[in-house]
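Written out below as structure tokens is the structure these notes cover.
The values are calculated or read from the model by the stated rules, or taken from the named source; none is laboratory data. Being a predicted model, the structure only gives us computed values, none of them experimental. With ideal geometry, Cβ positions are generated from the backbone for all residues, glycine too; neighbour counts draw on all protein chains shown.
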Amino acid sequence: METTFEQQLERPVKSVLADFPALGALLGEFRIGCVDCGVGSCKFKEIEDIHRLAPEAERDLWTRLARIIEPGRTAQLPVRERAPAAPAASASPPIRQLVAEHRWILRWAAVIPRLAAELDLNREEDRRTVLAGVDFIRHYADRRHHGKEEDILFRYFDSGLDVLQAMLTDHVAGREHVRAIEAGVAARDDAAVREHLLAYAVLIREHIRKEDDILFPWLDRQLLDSQVGQMYAQFLEADRRFDRDPRQLENFVAELEARFDAAPAAAAR
């Protein structure tokens with residue numbers, strides 16, 4: 001028996017997309033990447049609440065989605081009263097700190113293609129550089145940054161949330177790439193190290209985009225003021241316990257950027 005648009009709203013996103021493939025392209029127009037999501041078990045009606053469109057765009061989206069599911073019928077669109085989305089600058093201090101850390105991780109990811117293109121593990125300098133990159137990922141991106149997410153932020157929410165599970169899956173995948181890079185350096189396997197460096201860069205860029213644009217604003221809206229204060233204190237304590245100077249790890253990225261930026265000029269002399 002055919003189900004109505006209203007009934008489809010209660011089904012998992014992936015199931016609805018499987019039954020109505022044309023929905024994927026429409027969602028893509030609104031930069032909603034449910035087609036490529038690794039989980040996709042959020043309810044169909046929750047799409048916009050997570051992605052947070054402007055009201056007029058939301059009405060347009062649901063109207064067009066309804067036309068695909070039930071052509072020729074005016075469907076009852078989901079209506080929710082909600083506060084307007086807060087601008088990024090008004091994010092809570094803990095979330096702003098995570099976003100600031102993202103900037104350094106993205107700067108490292110931006111250098112990776114240049115490092116990979118020139119990689120020669122027979123050169124000691126290249127081996128040292130790659131292992132320094134592993135050190136940056138392992139300590140700055142993973143222990144310091146992902147540690148705050150996993151041990152503090154995510155614990156304020158239901159651990160079974162699909163979107164959190166998807167982020168944790170990305171964290172695990174990143175660690176697997178790091179281990180493969182380290183093994184490749186030991187074996188002096190240029191191809192393997194290049195493959196996993198580039199794969200890590202793609203993974204982490206998309207991961208950060210989802211967190212900055214979708215997950216963090218959504219989580220931030222759910223937090224009580226008292227929880228924000230608690231989290232801020234917990235972040236400070238986590239930074240106090242961190243046994244590395246984050247500025248030194250950030251300096252590695254800045255120095256690598258300077259090295260590659262200076263390389264064309266040096267070659268021309």
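The table below lists the values:
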item	result
Yes/no for ILE112 being surrounded by 12 or more Cβ atoms within 10 Å (Cβ to Cβ), β-branched (Val, Ile, Thr), at pLDDT 95 or above and more than 24 Å from LEU236 (Cβ to Cβ)	yes
Candidate set: the stretch 115-134, residues that are of a type in the set (D, E, K, R) and surrounded by 15 or more Cβ atoms within 10 Å (Cβ to Cβ); chosen: the one farthest from ALA180 (Cα to Cα)	ASP126
Residue check for LEU106: at pLDDT 85 or above and part of a helix (DSSP H, G or I)	yes
Cβ pairs under 7 Å, 6+ apart, first in the stretch 170-199 and assigned by TED's automatic domain parsing to the domain that holds GLU150 and more than 12 Å from VAL130 (Cα to Cα), second in a helix (DSSP H, G or I) and of a type in the set (Phe, Trp, Tyr)	GLY174/TYR200; HIS177/TYR200
Residue in the stretch 22-43 that is outside the structural domain of GLU211 (by TED's automatic domain parsing), over 25 Å from the mean Cα position of the chain (by Cα) and modelled with pLDDT of 65 or more present	yes
Matching entry among LEU61, LEU65, LEU53 (being at pLDDT 80 or above and within 25 Å of ASP220 (Cα to Cα))	LEU61
